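Working notes, beginning with the structure itself.
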Amino acid sequence: MKPGDWARLLGDAELVDISSDIGNHAEGPFTTRIDALEPEPGAAFFCENVLPKIAAHAVGRMRAADFPDGAFLRHEMVHASVHAGSHIDAPGHYGPAADGVQREINSAPLRSFLGPGLFFDVAALDGGVVTRADIVLPEGTEPGTIVLIRTGGDKAIAAEVIEYLLDAGIDVIGTDGASFDGPFEPMIERFLAAGDRDALWPAHVLGRRRPYYQIERLANLDRLPATGFFVIALPVLIAGATAAWTRAIALV
């Protein structure tokens, strides 16, 4: 797109926030926690812990009371999984790659996360798995389209759906669910019933031999039309990580 095209797109479109907060994560070992240092105690903290490292000669001469209103700046420390809130999974997240290449999130091509969108709402469908029969691409769907699938959060997306989309040149796929493979409990029960290891995280494991990007924990997908919108969902830079948070939006 040319600069003028972007200006028209941004000026004429409704912006729909399709992201969720990083507090959106199940309770457990990866629960999000935010520790805040308030401005008033922050002044003393700065003088005691920061000042000696950056201006040792000012220690004892600059005091907490010297800050305007006796307060410094508010600061937060976030402890969160890269899979909390709306986030993008790079192929490296799916386990050992068939070709031996470890694909981390910082090597993801940014252009892949800007593109025309296509929306499927399967939340009302019966059953716990979205199948190939539930997802049919319109004629003329372009490679590089970003497909978003609203499941209601209680359905898995079958690996056959991912294969179908990959065959069409689509390698960025998003959902409102916490996992493409649906809630863990039903998946584990399917494995226990059949003893088939292929029942465990099949949509993820597919990415070991056919790399693609998942966007999970999206929100407000019910506000999107089936077609005619544009998605921007850039991953945050996190060196060494195989997933990262995204502030995803749709221009409708």
With R₀ set to 41 angstrom, the calculated FRET efficiency between the beta-carbons of Glu48 and Ala26, to the nearest 0.05, is 0.65
Where in the chain lies the longest segment free of trypsin sites (Lys or Arg not before Pro) that are both loop residues by DSSP (not H, G, I, E, B) and have at most 11 other Cβ atoms within 10 Å?
75-208
Taking the chain and dividing mean pair separation by its residue count, relative contact order in percent (alpha carbons under 8 Å, at least six apart):
29 percent
Using only Cα atoms, tell me the angle between helix 3-12 and the longest principal axis of the chain; keep it within 0 to 90° and round to the nearest 10.
90 degrees
May I ask for the angle, rounded to the nearest 10°, between helix 184-194 and the longest principal axis of the chain, with both axes built from Cα atoms and the value confined to 0 to 90°?
40 degrees
At R0 = 51 Å, FRET efficiency that the Cβ-Cβ distance of Arg61 and Ile238 yields, to 0.05
0.85
From Cα coordinates alone, what are the radius of gyration and Dmax values for the chain in angstrom?
22.3, 72
How many Å³ per residue does the convex hull of the Cα positions in segment 1-101 occupy?
287 Å³
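How much length, in nm to one decimal, is gained on full extension between Ala133 and Ala98, taken as 0.36 nm per residue of separation minus their Cα-Cα distance?
Values: separation 35, 0.36 × 35 = 12.60 nm, distance 2.79 nm.
Value of the extension gain: 9.8 nm.
Just to make sure I understand: if all protein chains stay in place, what is the order of Asp89, Asp12, Asp35, Asp66 by accessible area at 1.4 Å, largest first? Don't skip to the end; give the middle numbers.
Values: Asp89 0, Asp12 130, Asp35 65, Asp66 95 Å².
Putting Asp89, Asp12, Asp35, Asp66 in descending order of accessible area: Asp12, Asp66, Asp35, Asp89.
The values are calculated or read from the model by the stated rules, or taken from the named source; none is laboratory data. These numbers were taken from a predicted model, which means no experiment stands behind them. FYI the Cβ positions are ideal-geometry reconstructions off the backbone, even for glycines, and counts take in every protein chain you see. Accessible surface is based on the protein model in full, side chains and every heavy atom, while ligands, DNA and RNA are left aside. Shrake-Rupley method; radii C 1.70, N 1.55, O 1.52, S 1.80 Å.
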